[in-house]
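S.K.: I have a structure I would like to understand better, so I am pasting it below and will then ask my questions one at a time.
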Amino acid sequence: MPKDEKDDTPATDSMAKPTQAARAEALKCPDGWVYVIDGDFDPEEDVPPEAIVGAWKVDPAGRIAGNFVPNPSYRPKRPPEGQRGDKRK
C-alpha cells in the first residue's frame, strides 16, 4: 500500500491523481482497491480504519479506475503542525 508522499498529514486534496507507487500497487491487485495509509503507520502492520486516508478502485486489468474515494472516518494519528494545541512560543 503506498503512503502519501508527505509523511506529515496526508491531505485528500493531494490524492486527486494517483502516484506512480499507487499505479504500481494497482497492477498487483486487479479488481481490488489501492489504499492510502496515513504516513505515521507502517503499511505492513495492522492498520486501524481511521488511519486509512482513502482509496482508488482498481479495474480487472490492474489500472486505477475513477476518482480517489476519501475515508470519512480518517483521523490523523498526529495532528498537523500548528494544530497540536501547543501554546508555547
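The values are calculated or read from the model by the stated rules, or taken from the named source; none is laboratory data. Just so we're clear, the structure is a prediction, and the values are computed from it rather than from any experiment. Virtual Cβ from ideal backbone geometry, glycine too; neighbours counted across all protein chains shown.
S.K.: Among the candidates Ala24, Ala16, Ala11, which residue alone is surrounded by fewer than 15 Cβ atoms within 10 Å (Cβ to Cβ), modelled with pLDDT under 75 and either among the aliphatic types (A, V, I, L, M) or on the phi > 0 side of the Ramachandran plot (or both)? It would help to see each step written out before you state the result.
M.R.: Values: Ala24 fails: modelled with pLDDT under 75; Ala16 fails: modelled with pLDDT under 75.
The match here is Ala11.
S.K.: Would you check if there is a residue in region 56-67 being surrounded by 13 or more Cβ atoms within 10 Å (Cβ to Cβ), in a loop (DSSP other than H, G, I, E, B) and at pLDDT below 90?
M.R.: no
S.K.: Quick check on region 35-54: of everything there that is out of contact with any strand residue (DSSP E or B) (no Cβ under 7 Å at 6 or more places or on another chain) and either polar (S, T, N, Q) or surrounded by 12 or more Cβ atoms within 10 Å (Cβ to Cβ) (or both), which residue is modelled with the lowest pLDDT? Working first, answer last.
M.R.: Here is the first cut: in region 35-54, the ones out of contact with any strand residue (DSSP E or B) (no Cβ under 7 Å at 6 or more places or on another chain) are 40-42, 44-46, 48-50.
Then keep just the ones that are either polar (S, T, N, Q) or surrounded by 12 or more Cβ atoms within 10 Å (Cβ to Cβ) (or both); that gives 40-41, 48, 50.
Details: Asp40: 70, Phe41: 67, Pro48: 87, Glu50: 90.
Taking the candidates together, the pick is Phe41.
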